[in-house]
Amino acid sequence: MAGSSGSISAKEGNPFEAMSARFEVAARKLGLDPGLYEILKTPDRELAVSIPVEMDDGSYRVFQGYRVQHNMASGPCKGGIRFSPEVTLDEVRALAAWMTWKCAIANVPFGGGKGGVICDPSQLSRREIERITRRYVAMIIDIIGPERDVPAPDMNTNENVMAWIMDTYSMHARHAVPAIVTGKPIGLGGSLGRTEATGRGLDVVTREAMAYLDIPLRGARVVVQGFGNVGSIAARLLYEDGANIVAVSDVHGGIVNPAGLNVHELLKFARANRTVRGFPGSSEITNEELLEVQTDILLPAATENQITSRNADRISTRIIVEGANGPTTAAADALLEEKGIFVVPDILANAGGVTVSYFEWVQNRYGYYWEEAEVNDRLENTMVKAFRDVATVAEKFDVSMRLGAYMLGIDRVAYTTLTRGIYA
Ligand code: GLU
């Protein structure tokens, strides 16, 4: 996704720095013991693996993969696997730490993990992606498991990839182990509502944030960056709530219509054309321009480093609800705060995905499956409670929602760590 990342410093663009900068301020505000600070900041375990693969043309290639387990104090590590040419160890580290705080904020009994493979799925066949997936799982098999670390989808990985993970692990275990991974196809033990969960969670926290600020959602303008699984579902649900979706974008670029886009029609169009560009009645804009469209709700749901020190002062919105992980750099936080923009941070806003992943794992473990309405109700309750818990901390310490979220997450994991004690 084209963004402003090209023009910022390497430090500002490093996701682990982005995580650490907020962690540091939150830890200081909490008065966290320096030793505990080290424990909570440092990943528990990092595994780097080489993945040899036979390509369709008979040649061999070696891909680099990672699995980072940031913190296992509260339960098995949990977090997605991304396939992207941009994957770096620091990115996976940051994403794993964000999962730790996210699970703690949502009160989901997991620690944080994340995986990544450096590859470009758009240049690979389905069979090649399958071979990469299976060999990657074989390489990390000793550190994953339903009680140890449970992967899930992330950027460029989907339910097919999850099915191959489940099958590979199960073949080694000699029996079906559905709870090894979440985000599976429904017929394989996936949970109803999991595909929509992150977008649905965003819809819930947007409603909460608007009510908290006393701004009506009906008629409010919404700009959505990213029209993948997360952005498109959030856009549809907000549209159904009566909001006015004025601009959206995907990897190819953005579209705008100040009178509002018909999101149901747009979804059909995007499915048929594989892009939102060219949607009748809209004009084209770039992804950079899209972020600067005057709006009430800005929903970055694409990738990291989109709102930075370079463009934060040109952003004109009442609230930002972060669908992506790390869309805002640490340097942009103060600029947004100065402008009075209310930010619902990623580790709260997009926690709906891992929440329903938790429900999927629970259903797999007791072998009984819930109706979709039950999943959605439980998700709604979890997200509303998480929003209110974060708002309470933010008010108590007179800090932003971002800092409040870090403080809540860190405090909960610190409690677990101290109560368990340090094994020696
Ligand atoms: N990849 C998603 C995230 O970043 C979901 C993780 C999960 O469901 O375990 O939150």
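The values are calculated or read from the model by the stated rules, or taken from the named source; none is laboratory data. A quick note: this is a predicted structure, and the numbers were derived from the prediction, not measured. Quick reminder, even Gly has a Cβ in these numbers, built from the backbone with ideal geometry, and neighbours come from all protein chains shown. Quick note on the areas: whole protein, heavy atoms, side chains included, nothing else; ligands and nucleic acids left out. Shrake-Rupley method; radii C 1.70, N 1.55, O 1.52, S 1.80 Å.
What to note about this one:
- Restricting the calculation to Cα atoms, the range 44-188 shows an Rg/Rh of 0.95 when the hydrodynamic-style radius is the Kirkwood one.
- Separation between Cα centres of the range 351-424 and the range 107-170, rounded to whole Å: 23
- Annotation: Cα Rg of the chain relative to the compact-globule expectation 2.2 N^0.38 Å equals 0.93.
- Selection from Thr198, Ile410, Tyr169 lying farthest towards where the dipole of the chain points positive, charges on Cβ: Tyr169
- Relative contact order of the chain, defined on C-alpha pairs under 8 angstrom at six or more residues apart (%): 18
- Calculated [222 nm] ellipticity per residue, helices only, for the chain: -15000 deg cm²/dmol; basis is -39500 (n - 2.57) per DSSP H run with n ≥ 4, divided by all residues, nearest 500.
- The accessible surface of the range 351-411, taken with every protein chain in place and a 1.4 Å probe, is 47 percent carbon and sulfur.
- Counting Lys and Arg as +1 and Asp and Glu as -1 over every other residue whose Cβ lies under 14 Å from the Cβ of Val321, the net charge comes to -1.
- Gaussian network model of the chain, Cα within-10 Å springs - most flexible of Arg148, Arg126, Arg135: Arg126
- Here the dipole of the chain is about 620 debye; that uses its Cα centre as origin and unit charges on the Cβ of Lys and Arg (positive) and Asp and Glu (negative).
- Exceeding the 27 Å Cα-Cα cut-off - candidates Lys11/Lys114; Lys268/Lys385; Lys114/Lys396: Lys268/Lys385; Lys114/Lys396
- P(r) weight above 24 Å for the range 197-349, C-alpha pairs, percent: 23
- Heavy-atom accessible area with a 1.4 Å probe sorts Thr133, Thr419, largest first, into Thr419, Thr133.
- With DNA, RNA and ligands ignored, accessible area of Ser20 (1.4 Å probe; Å², nearest 10): 10
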